[in-house]
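Visitor: The structure that follows is given in the form of structure tokens.
The values are calculated or read from the model by the stated rules, or taken from the named source; none is laboratory data. Computed from a predicted model, the values in this text were never measured in an experiment. Here the Cβ positions follow ideal geometry from the backbone for every residue, glycine too, while neighbour counts run over all protein chains shown. Ligands, DNA and RNA are excluded from the accessible area calculation, which covers all protein heavy atoms including side chains. Shrake-Rupley method; radii C 1.70, N 1.55, O 1.52, S 1.80 Å.
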Amino acid sequence: MQTKKEPKLEKLTQQDLNIIKKFLSEIGVNPSSVMSDPMKLVIENAYYNDIFDIPVQLKELVSNLNSIYSSGFYLGYIKKKKFYPGLPLLRRISRLCYEINCIKLNEFGEKLFLYGKKVENDNIILFKEGLSLVLNQRDEPLGWGIGKVINVHKEIKIVEPIKDLGWYLRRGG
Amino acid sequence: MGRNLDIEEKIFNYEISQEAKKLADKYGYSDYIIERYLKLLGNEAVDLLDANEIPMPQTIRCNDFLIRCDKLEERLIDKNFEIKKIPFLPHGYEIINSPYKVGATHEYLMGYYYLQDPGSMLVVYLMNPKKNSFIIDMAAAPGGKSSQILQLTKDSVKLVSVELKKDRIKSLRSNLQRMGFSSYIILETDARKLNLKDADMILLDSPSSGEGIIRKDPKRKKSRPRSDMKKIHLLQFQLLNKAIDMIKPEGEVTYAACSTAIEEGEYVIDKILRREDVDVINTYSPIGEHAFTEFNGVRFDDRIKNCIRLWPHKHGTEGFFICRLKKNQN
């Protein structure tokens, strides 16, 4: 009988790296400003790979350990050749919002967004089309959202949440 | 051998008095728990029973890794929270009044605080984790103490957090991520099977009967049949033995059990002190009292008096047993 392989952290392939870089370039972020030593968690028969940035002091230890569930700074996951950013990554990227532009919401918009609801014109302070990091008025990150212009003439803008901090309550465990 | 059996009998199978049966009936407990209270506390046992009827206040630990605590205070007060600093816990606050659920504010989602009981917080302050050290948290979910270790070391540590239970490990990961930490490795395994060595510090907040949190979860008054106590004790002893194996000489193990049971506190330490390479560290604690050195005619190792007990009726906390141990040089 073949024994099941224990979950282990492994180096990223060039293809994995390119997938993450593609995502970061879409939002205007230089990879070196948010990750230094990314690794993927390899679990037998899993249909996605979690990606972690491993701090230097953990490097040696993780390479010798099995049964790893999570480690280091969670960047997101790769599934079917696409990168999906995680919530912790918001903190690293939010520091760059002054140069990459992010969506900003007022207090009511923040509330809606954290309930996983879309936010419309009046509650949007700064708007950006496409996938973006979403901030509140204090420049604190709230999640990932997509800015859409749904009617060019009437200038209706909305921000739809992709993954917001409310996830920690709804799904975090 | 005969003596050991006699001791086990006195620890696990003591007779139940009529008084204990009456009180068990009145307060809704298993009678063996009450008998133990009577043997440990005498008349004071009723004070403990009364204190256990008062629900635990909600308490939080401010995460000063992400926000200054005075700023968090301001923000919560702005939201009409009434909070009070807990004097013996550097980052601890009691929630006197809250307009909505403490675990559902934006500040919580941003990782600015963690809901944690005071005794549980005290354990890690007493442990006093050091920056740049290699630390193992052997029973880590849902992450209160692991996140506190990371907070107190400013995320500059090598922390291995171990959890066996699938349903709990998810919340461990979620909490450590929410609170902004990254210097950790979570292992999904039985800590007794770990293959690690030379740790500088180990925390074993052991799986327990949970008798210490009756104020929070009254079901604990009756949830454990007496026969479980031996199994729990054995698991705690095995885990602690493993902890001593994994620690480097001069390294420290902090053992804690959220329980008032002698079987889960003093008796576990008494057995571990039969190893020649272990000693008890005399620990100053701002609250608490000495552990017991005798129970039902069984005399424990004298060094156990340097372990600490927290009682709901005396200290306003959960019931806790805390003991810091040191591995001697070979």
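Visitor: What order do B:Asp217, A:Asp53, B:Asp302 take when sorted by accessible area (1.4 Å probe), most exposed first?
Guide: Solvent-accessible surface, decreasing: B:Asp302, B:Asp217, A:Asp53.
Visitor: Moving on. Within 10 Å of each Cβ of B:183-193, how many other protein chain Cβ atoms are there on average?
Guide: Shielding by partners across B:183-193 averages 5.
Visitor: Please check segment B:149-163 for residues whose accessible area, probe 1.4 Å, is lower by 40 Å² or more when all protein chains are in place than in their chain alone.
Guide: B:Lys158
Visitor: What is chain B's relative contact order, in percent, from Cα pairs under 8 angstrom and six or more apart in sequence?
Guide: Here the relative contact order equals 17 percent.
Visitor: Here's another thing I want to ask about it. Can you list the trypsin sites (Lys or Arg not before Pro) in segment A:134-173 that are in a DSSP coil and have 15 or fewer other beta carbons within 10 angstrom?
Guide: Listed in order of number, the matching sites are A:Arg138, A:Lys154, A:Arg171.
Visitor: In square angstrom, rounded to the nearest 10, how much accessible surface does B:Glu53 have for a 1.4 Å probe?
Guide: B:Glu53 has an accessible surface of roughly 90 Å² with all protein chains in place.
Visitor: What translational diffusion coefficient, in µm²/s and rounded to a whole number, does the Stokes-Einstein relation yield for segment B:148-281 at 25 °C and a viscosity of 0.890 mPa s, taking the hydrodynamic radius as the Kirkwood radius over Cα pairs?
Guide: In µm²/s, the coefficient rounds to 151.
Visitor: Please list B:His91, A:His153, B:His290 from largest to smallest accessible area, probe radius 1.4 Å, with all protein chains kept in place.
Guide: Ranked from most to least accessible, the order is A:His153, B:His290, B:His91.
Visitor: Which GluC sites (Glu not before Pro) in segment B:232-330 pass both tests, a DSSP loop state and at most 15 other beta-carbon atoms within 10 Å?
Guide: B:Glu276
Visitor: A further question on this structure: Where does the protein assembly as shown land on Rg(C-alpha)/(2.2 N^0.38 Å)?
Guide: Output field value: 1.08.
Visitor: Need one value for A:60-67: mean number of C-beta atoms belonging to other chains within 10 Å of its residues' C-beta atoms. Mind showing how you got there, number by number?
Guide: Working: counts 1, 6, 3, 0, 2, 7, 4, 11.
Shielding by partners across A:60-67 averages 4.
Visitor: Name the residues of segment B:94-115 whose accessible area falls by at least 40 Å² when all protein chains are present instead of the chain alone, probe 1.4 Å?
Guide: Buried-area filter returns B:His106, B:Leu109, B:Met110.
Visitor: So, one more: If you take every DSSP beta bridge whose two residues both sit in chain A, what share of them, in percent to the nearest 5, is antiparallel?
Guide: Beta bridges within chain A, antiparallel portion: roughly 95 percent.
Visitor: Could you work out Rg/(2.2 N^0.38 Å) for segment B:215-330, with Rg from alpha carbons only?
Guide: Working: Rg = 14.4 Å, N = 116, 2.2 N^0.38 = 13.4 Å.
After normalising by residue count via 2.2 N^0.38 Å, the value is 1.07.
Visitor: Report Rg(Cα)/(2.2 N^0.38 Å) for segment A:94-170, keeping two decimals.
Guide: Ratio of Cα Rg to 2.2 N^0.38 Å: 1.00.
Visitor: Could you list the GluC sites (Glu not before Pro) in segment A:1-48 that lie in coil according to DSSP, counting only those with at most 11 other Cβ atoms within 10 Å of their Cβ?
Guide: Answer by residue number: A:Glu44.
Visitor: Equivalent-ellipsoid semi-axes (√(5λ), Cα gyration tensor) for segment A:8-85, whole Å, largest first? Mind showing how you got there, number by number?
Guide: Numbers: eigenvalues 84, 48, 16 Å².
They are 20, 15, 9 Å, listed largest first.
Visitor: Hey, another quick one. Can you pull the mean other chain C-beta count within 10 Å for peptide B:225-238?
Guide: Mean number of neighbouring Cβ atoms from other chains: 0.
Visitor: Do you know the relative contact order of segment A:15-173, to the nearest whole percent, from alpha carbon pairs under 8 angstrom that are 6+ apart?
Guide: 16 percent
Visitor: In Å³ and rounded to a whole number, note down the convex hull volume per residue for the Cα atoms of chain A.
Guide: Details: hull volume 24.1 nm³, N = 173.
About 139 Å³ per residue, rounded to a whole number.
Visitor: Can you give me the % of accessible surface on the protein assembly as shown that is carbon or sulfur? Probe 1.4 Å, all protein chains present, nothing else counted. Walk me through the numbers before you get to the answer.
Guide: Details: 10970 of 22910 Å².
Heavy-atom surface of the protein assembly as shown belonging to carbon and sulfur, 1.4 Å probe: 48 percent.
Visitor: In deg cm²/dmol, rounded to 500, what helix-only [θ] at 222 nm does chain B give when every DSSP H run of at least 4 residues adds -39500 (n - 2.57) and the total is split over its residues?
Guide: Dividing the helical sum by the residues of chain B leaves -10000 deg cm²/dmol.
Visitor: Using the Karplus curve 6.51 cos²θ - 1.76 cosθ + 1.60 with θ = phi - 60°, work out ³J(HN,Hα) for each residue of segment A:117-128 in order, rounded to whole Hz, and write x for Gly and Pro.
Guide: Taking θ as phi minus 60°, the curve returns 9, 6, 10, 10, 1, 4, 9, 9, 8, 10, 10, 9 Hz for segment A:117-128.
Visitor: Computed on protein heavy atoms with a 1.4 Å probe, what is the summed buried accessible area for the chain pair A and B, in Å² to the nearest 100?
Guide: That pair of chains buries around 2800 Å² in total.
Visitor: Now a separate question. Above 36 angstrom, tally the Cα pairs of chain B and express them as a % of all pairs, no decimals.
Guide: Tail fraction, whole percent: 18.
Visitor: Just reorder B:Ser209, B:Ser156, A:Ser36 by solvent-accessible area, largest first, 1.4 Å probe, all chains present.
Guide: On the way: B:Ser209 0, B:Ser156 40, A:Ser36 100 Å².
Ranked from most to least accessible, the order is A:Ser36, B:Ser156, B:Ser209.
Visitor: How many Å² of accessible area per residue for segment A:124-166, probe 1.4 Å? Show your work: numbers first, answer last.
Guide: Numbers: 2160 Å² over 43 residues.
Each residue of segment A:124-166 exposes 50 Å² on average to a 1.4 Å probe.
Visitor: May I ask for the Kirkwood hydrodynamic radius of segment B:11-110, worked out over all distinct Cα pairs and given in angstroms to one decimal?
Guide: It works out to 16.6 Å.
Visitor: For B:Tyr284, project a label point 7 Å along Cα to C-beta. Then give me every residue of segment B:100-131 with its amide nitrogen under 12 Å of that point.
Guide: none
Visitor: On average, how much accessible surface per residue is there in chain B, in Å², for a 1.4 Å probe, leaving out ligands, DNA and RNA?
Guide: Spelled out: the 1.4 Å probe surface of chain B, per residue, equals 40 Å².
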